[in-house]
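The values are calculated or read from the model by the stated rules, or taken from the named source; none is laboratory data. From a predicted model like this one, the values you see are computed outputs, not experimental measurements. As a convention, Cβ positions derive from the backbone with ideal geometry for all residues, glycine included, and neighbour counts pool all protein chains shown. Protein only, heavy atoms only, side chains kept; ligands, DNA and RNA dropped before computing areas. Shrake-Rupley method; radii C 1.70, N 1.55, O 1.52, S 1.80 Å.
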Amino acid sequence: MDALDRKILTELQQDGRLTVTELAARVRLSVSPCHRRLRDLERGGAIRGYRAVVDPAAVGLDFETLVFATLRWEDPDTVTAFEEAVTAIPHVIQAQRLFGEPDYLLRIATTDLVAYQQLYDQQLARLPGVQRLTSTLVMKNVIDDRPLPELQ
């Protein structure tokens with residue numbers, strides 16, 4: 001990956017709806033080579049996809065919680081079962097496996113505290129292998145969905 005590829009990635013992180021023509025103009029490249037580079041970045045996995053960034057509050061999901069999950073055991077079967085179960089819960093909008101304790105960090109979006117409590121009681125507390133769940137309410141998102149920094 002060279003500086004031009006990084007510039008393409010920077011521009012697309014700022015505006016994923018750019019046409020190839022607009023993108024080419026911004027990175028000072030003709031359309032065909034820009035298109036070729038774009039496809040190479042997609043095929044190579046640097047660009048994983050395109051999506052709209054939706055404001056959770058605008059769709060009624062303005063109650064956000066971070067949940068730290070600690071498993072009883074960390075054998076492969078327990079980890080796989082936990083991760084598959086978490087993946088099946090739509091309100092889990094981000095899940096990360098961590099080194100050390102806790103084992104996982106889950107970002108949850110619901111409509112309100114009552115909805116979160118129901119999700120907690122009916123799904124989160126029943127996740128396979130869970131020893132302990134600790135919830136923290138998000139007061140404010142200071143940085144949310146920031147583009148990756150430009151690589152030099």
Look at residue 78 and say whether it is surrounded by 14 or more Cβ atoms within 10 Å (Cβ to Cβ) and among the polar types (S, T, N, Q). yes
Taking residue 12 as meeting all but one of (1) over 20 Å from the mean Cα position of the chain (by Cα); (2) in contact (Cβ under 8 Å) with a residue 12 or more places away in the chain, write down the number of the exception. (1)
Identify, by number, the condition in (1) open to solvent by less than 50 Å² (accessible area, probe 1.4 Å); (2) more than 18 Å from residue 124 (Cα to Cα); (3) among the hydrophobic types (A, V, I, L, M, F, W, C) that residue 89 doesn't meet. (2)
Looking only at helices (runs of 4 or more DSSP H) that fall completely inside region 1-87, which ones have 3 or more residues that are in contact with a Ser or Thr (Cβ under 6 Å, 6 or more places away or on another chain) and not charged (D, E, K, R)? none
Count of residues meeting criterion [among the charged types (D, E, K, R), within 29 Å of residue 143 (Cα to Cα) and surrounded by 11 or more Cβ atoms within 10 Å (Cβ to Cβ)] in region 1-54: 7
Evaluation of residue 90 against (1) in a loop (DSSP other than H, G, I, E, B); (2) free of Cβ contacts under 8 Å to residues at least 12 places away in the same chain; (3) closer than 28 Å to residue 9 by Cβ (one fails), failing number: (3)
Sort out which residues of region 93-144 are open to solvent by 30 Å² or more (accessible area, probe 1.4 Å), part of a strand (DSSP E or B), hydrophobic (A, V, I, L, M, F, W, C) and closer than 21 Å to residue 74 by Cβ, and write them in order of number. 95, 105
Could you please tell me which pairs satisfy a Cβ distance under 9 Å, a separation of 6+ or placement on different chains, a first residue in region 35-50 that is more than 16 Å from residue 22 (Cα to Cα), and a second residue that is of a type in the set (A, V, I, L, M) and open to solvent by 90 Å² or more (accessible area, probe 1.4 Å)? 41/1; 44/1; 46/1
